[in-house]
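These notes are about the structure you will find just below.
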Amino acid sequence: MIEASDVKKYYPVKNTLFSRTGRYVKALDGVSLSIDKGVIHSLVGETGSGKSTFGRIVMALTSPTAGIVKIDGVDLFSLKKKDLKSMRKRIQIIFQDPYSSLNPKLKIRASITEPLKLNHIEYDEKKIAAVVESVGLKPAEDYLDRFPGELSGGQRQRTAIARAFAISPELIVADEPVSMVDVSIRADFLNLLKETNRKENLTVLLITHDLFVASYISDRISVLYLGKIVEESDKNGIVGHPLHPYTQALLDSIPVLGEGEREVNIKGEIPNPIDIPPGCRFHPRCPFVMDKCRQVEPEFREIETGHFVSCHLY
Amino acid sequence: MNPLMNYLGQLRKSKIGLVGWGIILTFVFIAIFAPLISPYNPNAISGAYYQHPSMLHLFGTNQEGQDLFSQNMYGTRIPLIVGTTAALVAVVLGLLVGLFSGYFGGVPDEILMRITDFFLVVPAIVLMIVISALIGGTLTNVILIIGGLSWPMTARVVRSMVLSIKEWPFVEVAKSSNGSSLYIMFKHILPNVMPVVFANAALSVANAIFTQAALVFIGVGDVTDLSWGNIMHFAYINGTITTGIWWYMIPPGIFIVLLTVGFIFLSTSFETIFNPRTRRI
């Protein structure tokens, strides 16, 4: 369904009056990703890894500096305005923060019917009620005429999901959909996505920093580090048999009851995407760093069937 | 909750808002019922000239022997009309400029903001005198001149709010659902800047009332239209300040300040009520 090849997004560093830097923040530095229809694909990475930028590019909310994004074989950024409009009828987005993704001045009903109205899709009261109840806001009439300010964070996020589901999209980009809801209802949301994925063959691009969330519902997982994918495999490959030291470190950072020391520790924070380290971009933090890593950027290769990694260890 | 009911509910706790509304509504009442309140025809000679205030003439009489109390009552009408309509013109203009400038950014923003800067820097009152000398100072012209020159403040405030609101995710959601720029501006951004616009509108009214009075006082505009500024104009040109006829100049002066303060209070109350950070629970 989605095919992204070598997508780059560079933001120029603002020049001041007295200095022209000519440098760029490399939010995405050559990301290739393909997602099949009906698959839940997670893009996992730390803050600053560029994962949200990738989501915005898939939504055509921002255009890439280089590279091609195709949806069902059609290049998203060479579409005419009219064709982009009909493309957008098929894609919806769910944002992380349910406080800012709903207009505080619009009633729940107005927020949910917005994508229907804007896309000229007919609907009736019954359909709206059904959508609202499907995300767990029951009974619908208790919620439809309220403002977001009168709802809890969880209820707001349900509203945001209902809005995304309202036009029955083929693809949903979910940007950290559960990171701001209580842990107690996270599973609820993820199950909801999974269920819709099964029933309606919905494709989901799940963007998250939490490998645990990703492993809960994903079919495939890509691990993004500093604007580049360092490892990609199906869920079992990533969770059960991680190859890249960064993935291993991410997995080890999930606390598990009864386990002591972490096996792989990484130091420091993700480097500034203006100065991407030479060679392997992970080498300053890598516990297994070798001389080669400082000079040569590893290739993204298939080590096992369907399991790709870019690391000199393999 | 209905926004109006919400406002009324909050208003009960805002003393400054209640005082503001009290002052404004009193003057509106006076303006509407001026013929009933006034004991004399304001333009008719109703006694000897320069009479001291007395039970017969509450505010005394002027150089012609016209009743100043009646004149002041009728004189409430024009400040209110000019104040509200000129503010309406200013706010609508400022709102549109601010919305477009903030939303589109880039070259249109640069152009609109340089124009705004120009109007902010040029002393408006001087420009108003020049323009009304050119096109004539009828009531409509005065309204258009005041409104057409006092929108920059609103434009600036609205623009700065739009700049932050347009980055909110709900705007991106609307965009990704094929919402056009106009749709997003008016459906999503406008409702969120309205509270500030209300506060600004009330200030604009205060500003317009003051400006109109100032213009008439220095003789710009139609001096035959009865207004507080007009009364002060005649008080001044008849030299009453130096001859001790204090009852001529003082009442309209106090009224202008009072009504202006009323609208300033209203503006403050809008700000405290609609801004959740300053709202008292």
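Structure summary
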read-out	value
Checking A:Pro148 against (1) within 23 Å of B:Asn192 (Cα to Cα); (2) more than 12 Å from chain B (Cβ to nearest Cβ), the condition it does not meet	(2)
Inter-residue pairs, beta-carbon under 7 Å, first under 12 Å from B:Trp228 (Cβ atoms) and among the hydroxyl-bearing types (Ser, Thr, Tyr) and in the range B:59-73, second buried (at least 22 other Cβ atoms within 10 Å of the Cβ) and at pLDDT 90 or above, 6+ apart	none
Within the range B:153-271, helices (runs of 4 or more DSSP H) holding 2 or more residues that are farther than 23 Å from B:Ser101 by Cα	B:190-217, B:228-237
Residue under evaluation B:Leu190, criteria (1) closer than 24 Å to B:Val91 by Cβ; (2) surrounded by 19 or more Cβ atoms within 10 Å (Cβ to Cβ); (3) touching a residue at least 60 places away in the same chain (Cβ under 8 Å), criterion not met	(2)
Filter result for the condition that a residue is of a type outside the set (A, V, I, L, M) and closer than 23 Å to A:Asp210 by Cβ, over A:Lys292, A:Lys235	A:Lys235
Matching residues in the range B:167-186 - criterion: being within 8 Å of another protein chain (Cβ to nearest Cβ) and under 33 Å from the mean Cα position of the chain (by Cα)	B:Trp168, B:Tyr183
The range A:153-170 - residue that is in contact with a strand residue (DSSP E or B) (Cβ under 7 Å, 6 or more places away or on another chain) and among the hydrophobic types (A, V, I, L, M, F, W, C) and, of those, farthest from the other protein chains (Cβ to nearest Cβ)	A:Ile161
Residues being under 25 Å from B:Val28 (Cβ atoms), touching a Phe, Trp or Tyr at 6+ places or on another chain (Cβ under 9 Å) and not aliphatic (A, V, I, L, M) - total across the range B:58-93	11
Selection within the range A:79-101 - in a strand (DSSP E or B) and either touching a Lys or Arg at 6+ places or on another chain (Cβ under 8 Å) or at pLDDT below 90 (or both)	A:Gln92
Single residue of the range A:53-78 satisfying the filter (assigned to a helix (DSSP H, G or I) and under 20 Å from the mean Cα position of the chain (by Cα)) that is nearest to the other protein chains (Cβ to nearest Cβ)	A:Arg56
In the range A:206-252, the residues that are part of a helix (DSSP H, G or I) and of a type in the set (Phe, Trp, Tyr)	A:Phe212, A:Tyr216, A:Tyr246
Looking only at the range B:256-271, and only at residues there that are hydrophobic (A, V, I, L, M, F, W, C) and buried (at least 21 other Cβ atoms within 10 Å of the Cβ), the one that is nearest to B:Gln10 (Cα to Cα)	B:Phe270
Given (1) among the basic types (Lys, Arg); (2) crowded, with 20+ Cβ neighbours inside 10 Å; (3) in contact with a helix residue (DSSP H, G or I) (Cβ under 6 Å, 6 or more places away or on another chain), number of the condition B:Arg77 does not satisfy	(2)
Those residues of the range A:62-94 which are surrounded by fewer than 17 Cβ atoms within 10 Å (Cβ to Cβ) and out of contact with any strand residue (DSSP E or B) (no Cβ under 8 Å at 6 or more places or on another chain), in sequence order	A:Ser63, A:Asp72, A:Val74, A:Ser78, A:Leu79, A:Lys80, A:Lys81, A:Lys82, A:Leu84, A:Lys85, A:Ser86
Condition check for B:Gly137: over 20 Å from B:Pro79 (Cα atoms) and buried (at least 19 other Cβ atoms within 10 Å of the Cβ)	no
Unique match (being buried (at least 18 other Cβ atoms within 10 Å of the Cβ), in contact with a helix residue (DSSP H, G or I) (Cβ under 8 Å, 6 or more places away or on another chain) and touching a residue at least 40 places away in the same chain (Cβ under 8 Å)) among A:Phe308, A:Phe282	A:Phe282
Long-range neighbours under 7 Å by Cβ, at least six apart or interchain, first residue within 14 Å of another protein chain (Cβ to nearest Cβ) within the range A:118-141, second in a helix (DSSP H, G or I) and among the β-branched types (Val, Ile, Thr)	A:Tyr123/A:Thr113
Contacts under 7 angstrom Cβ, first residue in the range A:79-102 being more than 19 Å from A:Leu202 (Cβ to Cβ) and within 7 Å of another protein chain (Cβ to nearest Cβ), partner assigned to a helix (DSSP H, G or I) and among the hydroxyl-bearing types (Ser, Thr, Tyr), 6 or more apart	A:Leu102/A:Ser111; A:Leu102/A:Thr159
Unmet requirement for A:Ile40, which otherwise passes all of (1) of a type in the set (A, V, I, L, M); (2) under 28 Å from A:Asp182 (Cα atoms); (3) within 13 Å of chain B (Cβ to nearest Cβ)	(3)
Residue in the range B:121-133 that is assigned to a helix (DSSP H, G or I) and within 14 Å of chain A (Cβ to nearest Cβ) present	no
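The values are calculated or read from the model by the stated rules, or taken from the named source; none is laboratory data. Quick caveat: nothing in here was measured; it's all calculated off a predicted structure. A quick note on method: Cβ atoms are made from the backbone with ideal geometry, for glycine too, and the neighbour counts reach across all protein chains shown.
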